[in-house]
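Student: Pasting a structure below so you can have a look.
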Amino acid sequence: FFVLTSVHMGVKSKNSKNSDDEHVSEFGGPIGCCLIMIFSHAFIYYVWLCLHYNDGALIYPSSVDEVVPLFKSLMNNIITGAMPTIYSVKIYVGFIGLQAFLAITMPGLTVRGLPVPSEGNKQLVYNINGITSWYVTIIVVALLHYYGIFPLSDVMKNLGPLLSTAILFSDILSVIAFITAHVKNKAHRMSGNLMYDFFMGAWLNPRPFGNFDLKFWAETRVSWIMLWLLTASAATLQYETYGYVSSGMIFMLVAHGLYTNACMKGEECIPTTWDIFYEKWGWMLIYWNLAGVPFFYCSSSVYILRHPQYTDLPYWLLAIMFTLLFTAYYVWDTAQSQRNRFRMQLRGTFVKRYAFPQLPWGTLKNPKYLKTKCGSLLLVDGWWGYARKIHYTCDVVMALTWGLACGFNHYLPYLYVSFFVAMISHRYFRDVYRCKRKYGADWDRYTK
């Protein structure tokens, strides 16, 4: 689901097992995937309902007799408050169209990804122009807001319809991507079960033309830029409503801005991650990148919008939170840079970047590594000499600060960090399973 959270991958020898072609059943198979899809839709709506209709408190029946009436009430709220409108479609499709246009036209680097076995070990080329697209998006949105063409606060005012629009768009796109992969004979690593294959995807490298890679674009440009804009809209509406922006909202603007900027300025590292190299562009990635990530991850910002009195935090608490955020961010950013630049240096694709901020210790000189029998080199230096998943730990800390920005009146702001811990733990076990299969005894040496 997330950018920059991949497994250890190094130089692959000719004798190494071709994991690109290997089918592994995951997520509980077809039944598990079906349940995840149902839960994912219901969960996002549930969070919106809690924020919009229950003052940010969790909704649950007080007795068995209330289950059916409560369900009917919630469904009625979705129908009356979250149905797509022409305006919501214009906003969402306009944003998607802008990001696609910028991805195709903005200047930037080009880098090569890992050799793709199913493509004859071809190294696909990726356009690295996320940082310029990110800055241009901010400028365009600011100008549209300033001149009254499109008030940014309209996003929050239409959050329910926008949520449904994003969900429908991602579901339809998932169907189109699945069918197109078969029509273009690009279906890859298929299980033979329709439900499972639809969930995991059929197309490994969805490219309608040229170097425009839809999977790469959706992971970087759509989810994270949309998330920051949702938070910026919440801040704008809070100012219009109350005449000020609470300290908790300022914190979220910085937190989401840091994360989004990191994905853009380090975009050259993403083509070598597991999401791009291995995961297919199926419902799982499409739904969560185009709907789930931005509309669920912004829940703290929406909560703060509706509760400025609880989220105008004291200076001492803000100081602690910013210290936690910046420390976790520094380790997370430099750890990601160390690992991915190590990979790029091995392949001769490393390019020195100047996108802000370039942090100290982001690139290791003559790092230590462990050479495996299959030919891969596993980094054991820098932050990776201290922990195997230090970036996961930092992600959890940053997620916790998003909840702290909301105060302690309700549990819902901490739903994200709870969800994230469960998701990242599952991802960790997926990672360990694959690494044990690939490296064998070398993985045992690495973990020691």
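Student: Wrap a convex hull around the Cα atoms of region 322-436, take a quarter of its surface area, and give that in square nanometres.
Tutor: Result: a mean projected hull area of 8.8 nm².
Student: For N54 and M75, what does the FRET efficiency come to when R0 = 22 Å and r is the distance between their Cβ atoms, rounded to the nearest 0.05?
Tutor: 0.90
Student: Going Cα to Cα from K265, which lysines come in below 25 Å? Please leave out same-chain ones fewer than 8 positions away.
Tutor: The reachable lysines, counting only those whose Cα sits under 25 Å from K265, are K215, K280, K352, K365, K389.
Student: Mind checking the angle between helix 29-53 and the chain's longest principal axis? C-alpha axes, 0 to 90 degrees, to the nearest 10.
Tutor: The answer is roughly 30 degrees.
Student: With the contact rule set at Cα under 8 Å and sequence spacing of 6 or more, what percent relative contact order holds for the chain?
Tutor: About 22 percent, as a whole number.
Student: Can you give the log10 of the normalised intensity I(q)/I(0) at q = 0.14, 0.16, 0.18, 0.22 Å⁻¹, computed with Debye over equal Cα scatterers of region 108-226?
Tutor: -0.80, -0.97, -1.10, -1.30
Student: A follow-up question, please. Taking the C-alpha atoms of region 247-353, how large are the radius of gyration and the largest Cα-Cα span, Dmax, in Å?
Tutor: Here Rg and the maximum Cα pair distance are 17.3, 53 Å.
Student: Here's a follow-up. For region 329-344, just list the computed ³J(HN,Hα) in residue order, Karplus coefficients 6.51, -1.76 and 1.60, θ = phi - 60°, integers in Hz, with x standing in for Gly and Pro.
Tutor: So the Karplus estimates, Gly and Pro as x, are 5, 4, 5, 4, 5, 6, 5, 4, 5, 4, 5, 6, 6, 4, 4, 5 Hz.
Student: Collect residues whose amide H, placed 1.01 Å from N in the peptide plane, falls under 5 Å from the amide H of L109; neighbours closer than 5 in sequence don't count.
Tutor: I128
Student: Now, a different point. Sort out for me the Cα centre separation of region 124-183 from region 286-361, rounded to whole Å.
Tutor: So the two Cα centres are separated by 20 Å.
Student: Principal axes first, then extents: for the Cα atoms of region 225-272, list largest minus smallest coordinate on each axis, whole Å, largest first.
Tutor: Projected onto its principal axes, the Cα set of region 225-272 covers 45, 17, 10 Å.
Student: What list of ³J(HN,Hα) couplings, whole Hz, do you get for region 154-165 from phi and the Karplus terms 6.51, -1.76, 1.60, once you set θ to phi - 60° and write x for glycine and proline?
Tutor: With coefficients 6.51, -1.76 and 1.60, one gets 4, 5, 5, 5, 10, 4, x, x, 5, 4, 5, 4 Hz.
Student: Given q = 0.12, 0.19 Å⁻¹, what are the Debye log10 I(q)/I(0) values for region 66-137, with equal point scatterers placed on the Cα positions and solvent ignored?
Tutor: Taken in order of the listed q values, log10 I(q)/I(0) reads -0.63, -0.85.
Student: Can you report the principal axis dimensions of the chain using only the alpha carbons, biggest first, rounded to whole angstrom?
Tutor: 61, 50, 47
Student: Then there is this: Over what distance in Å are the Cα centres of region 407-427 and region 223-278 separated?
Tutor: 18
Student: Amide H of Y369 versus every other amide H placed in the peptide plane: which residues, excluding those fewer than 5 positions away on the same chain, fall under 5 Å?
Tutor: V380
Student: Please give, to one decimal in nm, the separation of the simple spin-label points placed at M83 and I139, each 7 Å out from Cα toward the Cβ.
Tutor: Output for this residue pair reads 4.1 nm.
Student: Dipole of the chain (Lys/Arg Cβ +1, Asp/Glu Cβ -1, origin at the Cα centre): which of T372, F39, F429 lies farthest to the positive side?
Tutor: Of the candidates, T372 comes out farthest on the positive side.
Student: From the phi angles alone, apply the Karplus equation (6.51, -1.76, 1.60; θ = phi - 60°) to region 64-69 and give each ³J(HN,Hα) in whole Hz, x where the residue is Gly or Pro.
Tutor: Values per residue, Gly and Pro as x: 4, 5, 8, 4, 5, x Hz.
Student: Here's another thing I want to ask about it. Taking amide H atoms as placed 1.01 Å from N in the peptide plane, list the residues 5 or more away in sequence, or in a different chain, whose amide H sits under 5 Å from that of Q123.
Tutor: It is V116, by chain and number.
Student: Only helical DSSP H runs with n ≥ 4 go in: add -39500 (n - 2.57) per run for the chain, normalise by residue count and round the 222 nm mean residue ellipticity to 500 deg cm²/dmol.
Tutor: Value at 222 nm, helices only: -19000 deg cm²/dmol.
Student: If each residue of separation counts as 0.36 nm, what is the full-extension length gain between K371 and W316 once their alpha-carbon separation is subtracted?
Tutor: Gain on stretching K371 to W316: 15.1 nm.
Student: Over region 78-175, what percent of the accessible surface lies on carbon and sulfur atoms, probe 1.4 Å?
Tutor: The nonpolar share, carbon plus sulfur, comes to 71 percent.
Student: On to the next question. Per q in 0.12, 0.21, 0.22 1/Å, what log10 I(q)/I(0) does a Debye calculation on the alpha-carbon atoms of region 360-422 return?
Tutor: -0.50, -0.84, -0.88
The values are calculated or read from the model by the stated rules, or taken from the named source; none is laboratory data. Values in this document were obtained by computation on a predicted structure and should not be read as measured data. Heads up, the Cβs are rebuilt from the backbone with ideal geometry, glycines too, and the neighbour counts pull from every protein chain shown. SASA here: full protein model, heavy atoms, side chains in, ligands and nucleic acids out. Shrake-Rupley method; radii C 1.70, N 1.55, O 1.52, S 1.80 Å.
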